[in-house]
Amino acid sequence: MPPKKKGGPLPKEKTDLLLSWIEQGAVWPENIILLPRKAEEGPGANESLTVAEIHKMILAKLEAKTESEMKPYTNTISGTQITYAMLPIPSGEYTMGSPANEPGRQPDEGPQHK
């Protein structure tokens, strides 16, 4: 979830002011210039660096540091009756998907973009 904004939503008088400005044609002040942000400056511009940083934060907050310390975890999604469980998976090498020699296996063509 995105972080909560400080101060919450705009007060009604400010949203009314914005609405009035839009209804009047939303004339933009001459001395204000918006510059487009370059793609490399935007969120997700360096996905591998972002993933590495998230992984580093997760590892820093881990309570269980070894396999023997890992325990099953269950939780209920707030506001629902939906419960889920997570189980520790032993470390090692794993192959995603079915084995290459499995009958009827289709070759992996990577993510499909439409």
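The values are calculated or read from the model by the stated rules, or taken from the named source; none is laboratory data. Note that the coordinates shown come from a computational prediction; the quantities given were computed from them, not determined experimentally. Neighbour counts are summed over all protein chains in view; Cβ atoms, including those assigned to glycine, are modelled from backbone coordinates with ideal geometry.
Would you say Pro9 is loosely packed, with under 10 Cβ neighbours inside 10 Å and at pLDDT 85 or above? Break it down into steps so the answer makes sense when it comes.
Numbers: loosely packed, with under 10 Cβ neighbours inside 10 Å: yes; at pLDDT 85 or above: no.
So Pro9 fails the test.
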Starting from the stretch 31-51, take each residue that is at pLDDT below 80 and list its partners that are surrounded by 10 or more Cβ atoms within 10 Å (Cβ to Cβ), counting only C-beta distances under 7 angstrom and pairs at least six apart or across chains. Ala39/Ala45; Gly44/Thr50
